[in-house]
1. Which is the longest stretch in the chain that no exposed loop site breaks, taking sites as trypsin sites (Lys or Arg not before Pro) with a DSSP loop state and at most 14 other Cβ atoms within 10 Å?
2. What net charge is computed for the residues neighbouring Glu185, neighbours being all others with C-beta under 11 Å from the C-beta of Glu185, Lys and Arg scored +1, Asp and Glu -1?
3. Nearest 10 degrees is fine. How inclined is helix 247-261 to the longest principal axis of the chain, computing both from alpha carbons?
4. What is the local net charge at Arg47, summed over the other residues whose Cβ is closer than 9 Å to its Cβ (Lys, Arg +1; Asp, Glu -1)?
5. How much net charge surrounds Ile141 when only other residues with a Cβ under 15 Å from its Cβ are counted (Lys, Arg +1; Asp, Glu -1)?
6. Please get the size of the charge dipole for the chain, origin at its Cα centre, with Cβ charges of +1 on Lys and Arg and -1 on Asp and Glu, quoted in debye to the nearest 20.
7. Hey, what angle do you get for helix 271-290 against the long axis of the chain, alpha-carbon based, 0 to 90 degrees rounded to 10?
8. Which of Asp175, Asp28, Asp93 moves most in a GNM of the chain, Cα contacts under 10 Å?
Amino acid sequence: MILYRWQGPARNFGDELNTVLWPALLPDFFDDDPAERFIGIGSVLDRRHNGGCAKLVAGSGYGGYQELPELGDAWTISWVRGPRTARLLGLPDGFGIGDPASLLPLTGLVPVGPTVRIAFMPHFESAAVGAWDAATAASGIVLIDPRGEPLEIAAAIAGCDVLMSEAMHGAIVADAMGVPWIAIEPLAPIHRAKWQDWADTLALTIRFQRLPPSSLLERARLSRVSAYHTGRALLDRHAGILRAIGSARYIDDAASALRRTARAAPQLSSRTALDRCQTRMLDRLHLLRRVPLHAGQGSSYHPVPLS
């Protein structure tokens, strides 16, 4: 069975967690057989998996980046990220158990990094087009780049007193490790809905804070120009110029907003709710170990939602 993860032009913390989490939780479960695909962490439940291989879903969510998948006999759903994804796929709410990234602290893989009072993790797209390295330096807040090695990032999160995160999986891992977090509303609206899919599993109401773009390029990426291929190509061609124009003002505004946002009250889920989600996911993994999926038999067993 192939372990699937989304791969873009740069690494992304949430997607890269697949490479360390699943081999630890499901040793000897994966191979290079393309006839079977394991779909875990990520907002990837859509039509990118249209091929004829058998597909096993363990905690993925729908992100709205492509059309909804057409589920059939090639699909086996163990669980999905949250009840909102479950409803969109026509599944009972009970299949929406939680995000698998919450299981990372149970693997024993995460060392604790140096202690810092507060850090900020941007979304990986914001990190690519913004000037958050300069803005965090100006604000006195530590930057955690979501494009690094996943266990190094997790260690940095573990060392925080508080994490501000525009990256959803930054908040999910912080919450699972007991690190209070401040949710930063993603600058791109398409990245926002998936947060509540996860939060619903923990009975959380997310209190989003807002930050401004840290560069003209980041602001331009949010405009209608970026909705078209020619527009994106134009922005890419002039990225250096756009990042430089008005850079001092954008960086100063972002740094001031970071300092202000750092004073907001952080959040943390109920430990009872977190334990309940983790237990449900571990129970589903126990079923997967007992009843392996066989190629071409995606309907060979049907996990029953846990109450």
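A short reminder: the numbers here are calculations on the coordinates, not readings from a lab. What you see is a predicted model, and the numbers here were worked out from it, not measured in a lab. Here the Cβ is made from the backbone with ideal geometry for all residues, glycine too, and neighbour counts use every protein chain on show.
1. Answer from the scan: 1-206.
2. Here the count lands on +2.
3. With both axes taken from Cα atoms, the answer is about 60 degrees.
4. -2
5. Cβ neighbours under 15 Å give a net charge of -2.
6. That gives a dipole near 840 debye.
7. That works out to roughly 40 degrees.
8. It is Asp28.
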